[in-house]
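The values are calculated or read from the model by the stated rules, or taken from the named source; none is laboratory data. What you see is a predicted model, and the numbers here were worked out from it, not measured in a lab. Please note: Cβ atoms are built from the backbone with ideal geometry, for glycine as well, and neighbour counts cover all protein chains shown.
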Amino acid sequence: MPSQTRNYKYVVLAVVTVLLTCLMSIAVKQGGKLDPAEGILRDLLAPLQKAALSLTHKINSSWQYWAQIRHFGEENARLKIEIARLKARENAAQEAWQENIRLRKLLNLPPAVQEFELLTARVVARDPSNWYNTLIIDRGLNANVEAGSVVLTNDGVVGRVKKASSRTAEVLLISDQRSAIGAMGQLSRDVGVLRGGDEGGNCRFVYLPRTTKVRPGEILITSGLGGNFPKGLVLGQVLEVCAEDYGLGKFARMEPAVDLDHLEEVFVIIGPRD
């Protein structure tokens with residue numbers, strides 16, 4: 001039905017146009033003077049002329065409107081692509097900036113490790129379970145990384161390499177329940193063993209005598225005894241000192257110095273510096 005109405009309007013417009021053209025032609029031939037019959041006809045056709053002009057205007061307006069919508073749609077699509085491209089560039093720049101910050105921090109190494117040859121490695125995977133705390137780095141036997149190699153950052157010890165393939169290595173974190181490191185208080189000089197698996201991702205400093213001088217806030221470092229860890233590497237900070245069951249000794253809870261949940265780059269000790 002709407003199609004028939006639209007076609008009817010076009011027919012009326014065509015008829016009015018033809019009639020007006022004939023009237024103008026007659027008026028020109030008569031020197032611009034109309035006889036009474038022609039005047040009456042023109043007056044009768046005036047409303048039709050007005051309606052035809054209005055219809056023509058609406059048709060033109062509608063065409064311009066849809067042309068603008070199409071233009072705006074194309075422009076919107078182009079702008080979306082441009083915004084996506086700029087966001088990708090911004091994200092890449094931000095990631096490069098954050099990496100630069102992390103690498104600068106890595107270079108701020110403590111004196112205890114400056115005598116060793118260090119290899120930079122990236123963390124490429126983590127153990128998805130909560131039972132074992134391990135991660136995978138992108139260096140292996142081809143880069144002289146082997147089982148027992150110490151892994152650290154400028155903040156402190158991360159753990160040690162548990163096993164290695166030609167191109168990757170699995171690192172056992174100090175927070176893992178299977179980890180055991182010879183440790184000592186930096187101030188008290190009390191010696192014990194640091195074990196992982198304590199609550200909240202912390203470690204437990206065990207085998208302390210009842211007369212231990214270790215206190216909350218003290219820094220624990222590697223003792224250099226009974227393992228591959230050289231002496232003097234930072235392990236973490238003591239949170240509290242508690243009595244063992246039956247009062248036979250004491251132990252201390254320690255928070256690791258390294259944020260083990262957000263590691264991206266690490267160092268691996270591959271030997272003494274030449």
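Return a yes/no flag: does the stretch 240-247 have any residue that is surrounded by 19 or more Cβ atoms within 10 Å (Cβ to Cβ) and either of a type outside the set (Gly, Ala, Ser) or under 24 Å from Ala125 (Cβ atoms) (or both).
Checked the stretch 240-247: no residue is surrounded by 19 or more Cβ atoms within 10 Å (Cβ to Cβ) and either of a type outside the set (Gly, Ala, Ser) or under 24 Å from Ala125 (Cβ atoms) (or both).
Within the stretch 181-206, which residues are of a type in the set (A, V, I, L, M, F, W, C) and either touching a helix residue (DSSP H, G or I) at 6+ places or on another chain (Cβ under 8 Å) or in contact (Cβ under 8 Å) with a residue 40 or more places away in the chain (or both)? Steps first, answer last, please.
First, pick out the residues of the stretch 181-206 that are of a type in the set (A, V, I, L, M, F, W, C): 181, 183-184, 187, 191, 193-194, 203, 205-206.
Across the stretch 181-206, the qualifying residues are Ile181, Ala183, Leu194, Cys203, Phe205, Val206.
Does Leu119 satisfy the criteria of being at pLDDT below 80 and farther than 21 Å from Met184 by Cβ? Step through it out loud before you land on a result.
Working: at pLDDT below 80: no; farther than 21 Å from Met184 by Cβ: yes.
Against the criterion (at pLDDT below 80 and farther than 21 Å from Met184 by Cβ), Leu119 does not qualify.
What is the number of the single condition among (1) in a strand (DSSP E or B); (2) modelled with pLDDT of 90 or more that Gly271 does not meet?
Condition not satisfied by Gly271: (2).
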